Amino acid sequence: MDYVEKAPQAEDYLKLRKEANMGGNKTITQVEKALKGSLYIICVYEDSELIGLGRVVGDGGITFAITDIMVSEKYQKKGIGNEIMNHIDRWFEENTAGEKFIMIHANPPADRLYLKHGYDYIYPERVGMLKK
């Protein structure tokens, strides 16, 4: 497997979303804009096929969000998600300083992965909210 710090093609991103059961109907235009606006992207390839991905978005100074942690269903439970998070953690160590706010929206059972990387539930001190 190859880990590449470069945005994938929008079509490959959309294909991976389906293979990872991430759902949602995103357009090519949305995806291209999202990928271009990312602070950091880590892609995982097996024989030139995109099988995993993770992104960091935000303002680059204080507020960050980890998003799109996804692995193709046939490659899940092989440690790829954990390695994606290792790359993201390393990016934060090398590219940020001082107090920062890092958010992650977790769909169970993925929350167990994020707990291993030092992320924790914010309730009851705070609540997370989502506009639908």
May I ask you to list the residues in region 57-110 that are among the charged types (D, E, K, R) and more than 19 Å from Val127 (Cα to Cα)? Asp59, Asp68, Glu73, Lys74, Lys77, Lys78, Glu83, Asp89, Arg90, Glu93, Glu94, Glu99
Go through the residues of region 60-68 one by one and say whether even a single one is out of contact with any Lys or Arg (no Cβ under 9 Å at 6 or more places or on another chain) and within 23 Å of Met129 (Cα to Cα). yes
Inside region 12-33, the number of residues satisfying the requirement of being in contact (Cβ under 8 Å) with a residue 12 or more places away in the chain and on the phi < 0 side of the Ramachandran plot is 13
Which numbered condition Asn107 fails, given (1) over 15 Å from the mean Cα position of the chain (by Cα); (2) modelled with pLDDT under 90: (1)
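The values are calculated or read from the model by the stated rules, or taken from the named source; none is laboratory data. From a predicted model like this one, the values you see are computed outputs, not experimental measurements. Neighbour counts are summed over all protein chains in view; Cβ atoms, including those assigned to glycine, are modelled from backbone coordinates with ideal geometry.
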